[in-house]
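The values are calculated or read from the model by the stated rules, or taken from the named source; none is laboratory data. Just so you know, these numbers come straight off a predicted model, no measurement behind them. Neighbour counts are summed over all protein chains in view; Cβ atoms, including those assigned to glycine, are modelled from backbone coordinates with ideal geometry. Areas reflect the complete protein model, heavy atoms only, side chains present, ligands, DNA and RNA absent. Shrake-Rupley method; radii C 1.70, N 1.55, O 1.52, S 1.80 Å.
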Amino acid sequence: MDRAVGTRAPQRGAAGRLAARRVVARRVVARRVVAGAATLTLTGATLLGGAGAASAATTVGSYTVTASAPAVEVGDTVSVTVAATGVSDLFAYELTVGFDPEVLEYVDGSGTTDIPGFHEATLGPDGSSVVLTQTRLGTSPAAEGDLTLATLDFVAVGAGDGGVTAERATLVDAATQATEVTGLGTAPITVTAVAVEPTDPPTDDPGTGGPGTDEPGTGEPTDDATLVDSDGGSDPWSTGGTGSGSLASTGATVGLAAGAAFLALLVGVGLVLAARRHRARQSEGDAA
């Protein structure tokens, strides 16, 4: 009896381990929502391979990869959309989009899709790709029709050709059958440097000066400067200075008048003195 038990015990142990592995594999495949968090069936589909071969795999009519602008400048933001037409039986997928990090920089948190469910977009370890994962939840039906698989935003950080490529995708149907797709398409993007307006080099030329300008004048004195009256005429009596206008003209006129009055005063004094001398001589003649 002990021998029989001893021989049957290892068989039950091996069978138990095999059964446990099958249970784990089935749980990985069937698991979609655990503790309220969405999970993908990608891992289960990869483990079981063709387990869902009884159902038709996900099919897609065509893929397109487009950019919101084919040419941008450094500092601009550009959106890239990966779309699929004629989709049938798509329950989950993982999409990898590559780009040149020397030209474009992924805007963290911008990755989205129009398919309801759970999705997450993360930057790849090499910094040159974005991986977007999406799954329907619970008992939701698989997605069908024309779908936007991903919309990603990038900031232009350097001049060059910054094409964005949908490199590969893993598509999973409702029966967890996985289909691998590569080379979905590329959106060409050309990034140019921001144009800088040229500036004139500094010069040592002091300029000609003049009213209404910030340039310094030549500062050269002249010997034939002419005063200008308020009515626009010139003062021919002025031979120096740089004054102009009615004030300069009035000052010149007052100076001329004062000079003439002083000259008239001298002439008058001279006449008075001459008359006195003449009378003194006549008096001396009469006395003799």
- Is there any pair with a first residue in the range 148-172 that is open to solvent by 10 Å² or more (accessible area, probe 1.4 Å) and basic (Lys, Arg) and a second that is at pLDDT 95 or above and assigned to a strand (DSSP E or B) whose Cβ atoms are under 6 Å apart and which are 6 or more apart or on different chains, and what are they? 168/96; 168/182
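Give the number of residues within the range 175-202 that are open to solvent by 100 Å² or more (accessible area, probe 1.4 Å) and part of a loop (DSSP other than H, G, I, E, B).
7
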